[in-house]
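To keep things clear, I will list the structure first and then write my remarks on it.
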Amino acid sequence: MADDKNEFFLSTAKKVESKEFTGLRSILWPIHNWELKKFLPMAFMMMCILLNYSMLRATKDALVVTNMGAETIPTLKLWFVLPAAVLFMVIYSKLSNAFSKNSVFYIIVSAFMIYFALFAALLYPFHNSLSGDFSGVSNEFAKKLLIPVGGWTFSSFYVMAELWGSAMVSLMFWRFANDVTSLKESKRFYAMFGFIANLALIVSGETLKVVKGANLIAWISVASCFVIIFIYYWLNSRVLTDPRFFNPDDVGKPKKKKEKLSLGESFKYILSSKYLGFIVLLIVCYGVSINLVEVMWKGQAKLLYPSEETFSAFMGGLQTWTGVASIVFMLIGANILRRCTWFTAAMATPLMIFLTGLIFFACIIFKKELMPFAEHWGIQILSVVTWVGLLQNVLSKGVKYSLFDPTKEMSYIPLDEELKSKGKAAVDVIGGRAGKSGGAAIQFLLLNVIFTGSSLVQLAPLIAIIFAIILLVWFFAVCGLNREFLKLSSEREQT
């Protein structure tokens, strides 16, 4: 019955929308002119956040892979990034209880800005004198843990770059968007946010090809933080005060007193929600699956591009092509979101990652068999594997930004305020880090405990099987969340 009512609501919304937008306008730009005052600043704020994210992600990989090796990435994600994400969650929970949402936003962005300025001014220029050398340690297990400690200047940058993605993209921006965007608006706004914001990937890719030095990238990140703070202030002081952006259903309703929960109570509250459990599964499965492919691919890319400059330029090309693919997928995804069911849109990302991931693993596993074909065309097999991995990453990220992120964020909208704030913080920050750290943990155990002395390439068949199992769990989570989303959306429309 709930499904029928929700389908009636969706079909009614489509009829209304079809009257509002016709022709190419309904496909390319389903935004009212009067909504631009709200839509464009939010899209530009997301663009600045993604600009930082894409530049930091490429730079952190260039620093770590070329200076410490791709095998260091699982160690960093498991033993450094995950604890940092837990610590961030504790701090965020304390800040949320003590300050307003606006103050929390300013505090968190300012903290990132201060670190990037410190890295640009001191940590990177003097990293040789600040770093320690543990390469002489005889115990291989201890060596892999101590190398990131010795290179703490680069390791800290890696951690902060990873946290930027979780804290700013997944948590701060989307929490703000969910607070000020209705469910009806989200079907038009969210994919279009990405359409504009993903221009940042093209800009960052070209910037990485031109700008040399991680300190200069850090200074650009500092400038982006200033712009983000200004846009957020402008939206709250000049835009969201406009009566046209008020929710008529909330007018006259008394505001609930903010309930202050401890971190432990917040986790209990979250764990009691099957709805949030399915969202956690989505995020964890994405993180694990993409990490299983990326680490192996970056190891191959390092062999083809061994220096920090060439590797950084290669990663810049990745950002450029990811931006192009994301924009194309955004046009497709925006119409899928408005014209198809939530389930159809949510299932696109795991299907894309599953198919492209299996092709990449096949190239690794059957490298010897494919070598004669590559040589026949005058191509190195290493180049084939590296560029297939690049294509896998570009297509996966494109569909992730255009459909995975919007459908995930849409699923938060029907939730109550507590689950939207603290629930979302735990799911996105801890869930996101647990996903990537989960993939790192699998690789760390395989390399250092179960198959000591083996390389990732040698373990590719086993990792491919684990990858396929993770994707099956992801398919199950999409089906489960779809049932809960339809039910909760229908209940909300009746109230």
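The values are calculated or read from the model by the stated rules, or taken from the named source; none is laboratory data. Note that the structure is predicted; figures quoted are calculated from it, not measured. Neighbour counts run over all protein chains shown; Cβ positions are idealised from the backbone, glycine included.
Of the residues contained in region 406-424, one or more are found to be assigned to a helix (DSSP H, G or I), under 18 Å from Met352 (Cα atoms) and either within 12 Å of the chain's Cα centre (by Cα) or at pLDDT below 80 (or both).
Run down Asp133, Asp179 and say which single residue is over 15 Å from Tyr115 (Cβ atoms) and at pLDDT below 80.
Answer to the selection: Asp133.
Does Ala441 qualify as being farther than 30 Å from Leu183 by Cα, within 21 Å of the chain's Cα centre (by Cα) and in a helix (DSSP H, G or I)? For Ala441, the condition - farther than 30 Å from Leu183 by Cα, within 21 Å of the chain's Cα centre (by Cα) and in a helix (DSSP H, G or I) - is met. Exactly one residue among Ser103, Ser96 is free of Cβ contacts under 8 Å to residues at least 12 places away in the same chain, closer than 22 Å to Val180 by Cα and in a helix (DSSP H, G or I), and that residue is Ser103. Residues in region 192-226 that are touching a residue at least 12 places away in the same chain (Cβ under 8 Å) and not in a helix (DSSP H, G or I) were compared, and the one that is nearest to Gly333 (Cα to Cα) is Asn198. From the list Phe278, Phe311, which residue is more than 21 Å from Ser170 (Cβ to Cβ) and either within 18 Å of the chain's Cα centre (by Cα) or of a type outside the set (A, V, I, L, M) (or both)? None of the other options fit; the residue is Phe311.
Considering each of Leu382, Leu390 in turn, give the residue that is among the hydrophobic types (A, V, I, L, M, F, W, C), in contact with a helix residue (DSSP H, G or I) (Cβ under 7 Å, 6 or more places away or on another chain) and surrounded by fewer than 17 Cβ atoms within 10 Å (Cβ to Cβ).
Values: Leu390 fails: surrounded by fewer than 17 Cβ atoms within 10 Å (Cβ to Cβ).
After ruling out the rest, the residue left standing is Leu382.
Those residues that are crowded, with 20+ Cβ neighbours inside 10 Å and either farther than 22 Å from Leu183 by Cα or at pLDDT below 90 (or both), I need them from region 473-489; list them, please.
Kept after step one, since they are crowded, with 20+ Cβ neighbours inside 10 Å, are these residues of region 473-489: 474, 477-478, 481-482, 485-486, 489.
Selection gives Trp474, Phe485, Leu486, Ser489.
Going by the conditions given, is Phe105 within 20 Å of the chain's Cα centre (by Cα) and at pLDDT 90 or above? The answer is yes for Phe105.
Of everything in region 220-245 that is within 22 Å of the chain's Cα centre (by Cα) and of a type outside the set (A, V, I, L, M), the residue that is surrounded by the fewest Cβ atoms within 10 Å (Cβ to Cβ) is Phe226. When we screen Val324, Val388, Val328, Val394 for residues that are more than 29 Å from Glu484 (Cβ to Cβ), hydrophobic (A, V, I, L, M, F, W, C) and over 19 Å from the mean Cα position of the chain (by Cα), the only hit is Val388.
Condition test on Phe141, is it in a helix (DSSP H, G or I) and either surrounded by 18 or more Cβ atoms within 10 Å (Cβ to Cβ) or at pLDDT 75 or above (or both)? Answer is no for this residue.
When region 142-170 is filtered for residues that are closer than 18 Å to Thr66 by Cα, hydroxyl-bearing (Ser, Thr, Tyr) and in contact (Cβ under 8 Å) with a residue 60 or more places away in the chain, the ones remaining, listed by number, are Ser155, Tyr158. Among the residues of region 95-102, is there at least one that is surrounded by fewer than 15 Cβ atoms within 10 Å (Cβ to Cβ), small (Gly, Ala, Ser) and out of contact with any strand residue (DSSP E or B) (no Cβ under 9 Å at 6 or more places or on another chain)? Checking region 95-102: at least one residue is surrounded by fewer than 15 Cβ atoms within 10 Å (Cβ to Cβ), small (Gly, Ala, Ser) and out of contact with any strand residue (DSSP E or B) (no Cβ under 9 Å at 6 or more places or on another chain). Is it the case that Phe88 is surrounded by 14 or more Cβ atoms within 10 Å (Cβ to Cβ) and either among the acidic types (Asp, Glu) or modelled with pLDDT of 85 or more (or both)? Yes: the conditions hold for Phe88.
Apart from one condition, Ala346 fits all of (1) of a type in the set (Gly, Ala, Ser); (2) in a helix (DSSP H, G or I); (3) over 21 Å from the mean Cα position of the chain (by Cα); the exception is (3).
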